[in-house]
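Report on one structure; see the data block that follows.
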Amino acid sequence: MDIGKLILDGPILLNIKENGVATITINRPEVFNALNEETADAFNVALEEIEKRDDIKVIVWTGKGEALSGGGDIRMLKSLDKVSEARRIFERAYIQNKRFYDLPVPVIVAANGVIAGVATGRSLAADIIIASEKAKFAANFINIGLLPDGGTSYFLFKKLGHHRTAEILYNGKMLNAAECLELGIFNQVVSHADLYPTVYAMADKLAEGPSVALKYAKQILRSCANNDFAAIASMEAGGQVQCWSTHDFHEGVSAFLEKRKAKFKGC
């Protein structure tokens with residue numbers, strides 16, 4: 001499958017298609033795409049490349065091999081010998097997941113296998129998770145004597161409430177794909193062979209859409225957790241005014257009236 005031109009190589013791959021779909025791939029399949037410092041550095045470089053461009057419309061995040069990511073590299077964590085080093089590593093995980101959460105365009109996770117540790121928070125920071133039937137979700141920090149990090153507690157609590165989140169986190173429970181779908185952690189579960197065709201069909205469709213409206217929609221959704229009805233309704237009204245002034249609104253209305261497919265330009 002063509003996922004576009006290779007922009008970055010190494011432990012993190014970044015590919016960008018001409019239609020504005022960017023793919024970030026963790027490329028450490030031999031260790032289930034565990035996240036060490038080199039990988040974190042490379043992930044930041046990929047984010048910097050995406051953030052500086054104005055042609056990125058959708059982002060796909062996935063992993064090479066049998067895992068999206070097994071989480072933080074356990075050997076790296078065990079090798080730390082100072083509290084200051086541990087603090088830097090764990091704070092960096094939070095900062096990077098927050099940066100991922102703040103990306104202004106739609107982000108789709110292609111969950112090709114295990115999602116564990118800090119990768120659980122990062123996947124939940126995305127907008128949509130489409131999973132292979134082989135995918136598993138393991139917020140299992142407690143099994144090695146650690147707490148959930150990277151926002152995992154926040155996202156699971158918002159999605160599942162206290163009691164279900166407590167059951168998962170306190171027991172270090174690994175959820176299979178069907179359980180994640182039932183709980184609403186995954187949006188879709190498809191056969192392993194259909195994962196990437198399904199993901200890129202959605203990504204390509206979104207890339208063809210009215211990108212200004214999509215960005216406002218994401219911005220407002222991100223604001224829903226910490227605002228009341230009046231504040232959100234006001235944001236929606238302001239966003240509507242901005243979208244009304246775009247080419248895409250007028251094209252969309254014309255296409256609707258003329259019973260044809262709209263040709264959006266993202267402006």
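Each row is one residue, and each column tells you yes or no for (1) within 15 Å of the chain's Cα centre (by Cα); (2) of a type outside the set (Lys, Arg).
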| site | (1), (2) |
| --- | --- |
| Leu8 | no, yes |
| Pro11 | no, yes |
| Lys17 | no, no |
| Ala22 | yes, yes |
| Ile26 | yes, yes |
| Glu30 | no, yes |
| Glu38 | no, yes |
| Phe43 | yes, yes |
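Which condition breaks for Leu206 when tested against (1) out of contact with any strand residue (DSSP E or B) (no Cβ under 8 Å at 6 or more places or on another chain); (2) farther than 26 Å from Val31 by Cα; (3) not in a loop (DSSP other than H, G, I, E, B)?
(1)
Here is a yes/no grid of residues against (1) in a strand (DSSP E or B); (2) under 19 Å from Gly150 (Cβ atoms); (3) among the β-branched types (Val, Ile, Thr); (4) not assigned by TED's automatic domain parsing to the domain that holds Asp194:
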{"residue": "Asn15", "(1), (2), (3), (4)": "yes, no, no, no"}
{"residue": "Thr23", "(1), (2), (3), (4)": "yes, no, yes, no"}
{"residue": "Thr62", "(1), (2), (3), (4)": "yes, yes, yes, no"}
{"residue": "Ile89", "(1), (2), (3), (4)": "no, yes, yes, no"}
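Out of all the residues in the stretch 117-175, which are over 16 Å from the mean Cα position of the chain (by Cα) and among the β-branched types (Val, Ile, Thr)?
Residues satisfying the conditions are Ile142, Ile144, Thr165, Ile168.
Would you confirm, using the coordinates I've provided, whether Phe141 is assigned by TED's automatic domain parsing to the domain that holds Glu66 and touching a helix residue (DSSP H, G or I) at 6+ places or on another chain (Cβ under 7 Å)?
On the way: assigned by TED's automatic domain parsing to the domain that holds Glu66: yes; touching a helix residue (DSSP H, G or I) at 6+ places or on another chain (Cβ under 7 Å): no.
No; evaluated as a whole, the condition is false for this residue.
Output the number of the condition that Val118 fails; it satisfies all remaining conditions of (1) surrounded by 15 or more Cβ atoms within 10 Å (Cβ to Cβ); (2) touching a Ser or Thr at 6+ places or on another chain (Cβ under 6 Å).
With (1) surrounded by 15 or more Cβ atoms within 10 Å (Cβ to Cβ); (2) touching a Ser or Thr at 6+ places or on another chain (Cβ under 6 Å) applied to Val118, the lone miss is (2).
Looking at Asp149, Asp194 in this structure, which one is of a type outside the set (A, V, I, L, M), out of contact with any strand residue (DSSP E or B) (no Cβ under 8 Å at 6 or more places or on another chain), in the same structural domain as Asn112 (by TED's automatic domain parsing) and more than 27 Å from Lys98 (Cβ to Cβ)? Can you show your working first?
On the way: Asp149 fails: more than 27 Å from Lys98 (Cβ to Cβ).
One residue alone meets the criteria, Asp194.
Show the residue pairs meeting these rules: Cβ distance below 8 Å; 6+ apart or different chains; first residue within the stretch 197-214 and in contact (Cβ under 8 Å) with a residue 40 or more places away in the chain; second residue of a type in the set (Phe, Trp, Tyr).
The qualifying pairs are Glu208/Phe264; Gly209/Phe264; Pro210/Phe249; Pro210/Phe264; Ser211/Phe264.
The values are calculated or read from the model by the stated rules, or taken from the named source; none is laboratory data. This one's a predicted model, so the numbers in the text were calculated from it and none came from an experiment. Don't worry about glycine lacking a Cβ; one is built from the backbone with ideal geometry, like all the others, and counts go over all protein chains shown.
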